[in-house]
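Presented below is the structure to which this report refers.
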Amino acid sequence: MKDRTWWLVADIGGTNARFWAVSPGSIEPVWQGYYLVSEYPEFGDVLTHALQDVAVALDDVVPPEKVCFAVACPTNLDRFVFTNSHWNFSMGEVVDKTGCQLVSVINDFGSVARAVMNLEASDLTAIGDGQISREHPKVVLGAGTGLGVAGLVPSASGFSVIESEGGHADYAPVGDLQVEVKRKLRSQFNRVCIERVLSGPGLVNVSNALAAIKHQSPRFATPADIVAAALSDQDELARDVLEFFCDVAGAVAGNLALTFGAKGGVYIVGGVIPRFSDFFIKSGFRSAFEDKGRFRDYLTNIPVFLVQRQDLGLIGAVSYLKAEGQSS
């Protein structure tokens, strides 16, 4: 690979930074490196480490021909400041470190949405009924360290990606218990956006709130603890947390389907829900999704899919570079 061109892509969230080296146009990596955000004081540190690892693995490669980073933060500013981590960087810093002049930075969920367009039927599990309308928008949402939301709108060239920060919209509780949980969270955060509930940290937030409502002491420190206890039937509170999470996810997904007119389907991705996918599929998610009063029939006909494919942000970053080359 010393004399061949290659691309560097990355999916950088609040917990993990995932890098691929790919041959131009391929979505199969020739090298991959996964790093924990918490182990690197600065973004430049992990980028340096990744480039060193690529050089070792691929025998002293030349600088990449193109770079695309999908990042969990707004991309309309001169400096990219991550919402759920301590990292930040500028385009110039990436150019300097990589030696590449063709650098793109895109929203991580915009990247995921691009990847959704390349999925096979085997990558999807349907939740409930509904028929895809190929002439209408799609919605993609997923919980990880935060909550990502993106739309796909039909265009002359296929679908255009609508990047958003929908995870930071206000959380609208449904029912008395959700109202009480939001009241508990407001005392902690003042403003409660959706990702304060629908995310890995959100599971812990909900667990602590429900424990307080039940006059119990908080006893789960991590999302993994909650999921493990719930799935092994060891703890009633843990199961209540997952059920609460699934109900909120259904209501939020239904709201997004109404907002986008997403008759093309709703796609659930992210690192949290696949950890309890069987529980999620059997939960009250679909009921909450359709529970929209006079628009129940509208939602009943919209399909929802749980995406099983991994590394969507990386696949989407490659797709972005491929499309960029075709349009140039």
Counting only protein heavy atoms and rolling a 1.4 Å probe, one gets per residue an accessible area for region 196-239 in Å² of 46
Excluding ligands, DNA and RNA, the carbon-plus-sulfur percentage of the accessible area of region 4-74 with a 1.4 Å probe reads 53
Whole-percent carbon and sulfur contribution to the accessible surface of region 87-200 (1.4 Å, no ligands, DNA or RNA) stands at 47
Checked region 51-208 with the C-alpha gyration tensor, a ≥ b ≥ c its square-rooted eigenvalues, rounded below a/c of 1.5, otherwise prolate if a/b is larger than b/c and oblate if not; verdict oblate
Shape call for region 251-324, from the Cα gyration tensor axes a ≥ b ≥ c (a/c under 1.5 means rounded, otherwise prolate when a/b beats b/c, else oblate), comes out oblate
Any helix of the chain counts here only if DSSP assigns it H throughout, its Cα atoms span 15 Å or more along the axis, and its mean Kyte-Doolittle hydropathy is at least -0.5, and such helices are 43-57, 200-213, 236-260, 312-327
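Per residue, how much accessible area does region 22-137 show when a 1.4 Å probe rolls over the protein heavy atoms, in square angstrom?
50
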Applied in sequence order to region 64-74, the curve 6.51 cos²θ - 1.76 cosθ + 1.60 (Karplus, θ = phi - 60°) yields integer Hz couplings, x standing for Gly and Pro, of x, 6, 9, 10, 9, 10, 9, 10, 8, 6, x
Within the chain, the percent of DSSP beta bridges that are antiparallel, given to the nearest 5, stands at 65
Sparse-neighbourhood loop hits (trypsin sites (Lys or Arg not before Pro), region 211-292; DSSP loop; Cβ within 10 Å at most 12 others) -> LYS214
The longest stretch of the chain containing none of the GluC sites (Glu not before Pro) that sit in a DSSP loop with at most 12 other Cβ atoms within 10 Å is 136-328
Counting only protein heavy atoms and leaving out ligands, DNA and RNA, the solvent-accessible surface of ASP235 at a 1.4 Å probe, in Å² to the nearest 10, equals 30
Charge tally for neighbours of ILE106 with beta carbon under 12 Å away, counting Lys, Arg as +1 and Asp, Glu as -1, is -3
Rounded to the nearest 10 Å², the 1.4 Å probe accessible area of ASP59 is 90
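When the helix-only estimate is applied to the chain (DSSP H runs of n ≥ 4, each -39,500 (n - 2.57), divided by the residue count), what is the mean residue ellipticity at 222 nm, nearest 500 deg cm²/dmol?
The helix contribution divided over the chain gives -12000 deg cm²/dmol.
The values are calculated or read from the model by the stated rules, or taken from the named source; none is laboratory data. The structure presented is a predicted model; accordingly, all values stated were derived computationally and were not measured. Reconstructed Cβ throughout: ideal geometry from the backbone, glycine too, with neighbour counts over all protein chains shown. Accessible surface areas use protein heavy atoms only, side chains included; no ligands, DNA or RNA. Shrake-Rupley method; radii C 1.70, N 1.55, O 1.52, S 1.80 Å.
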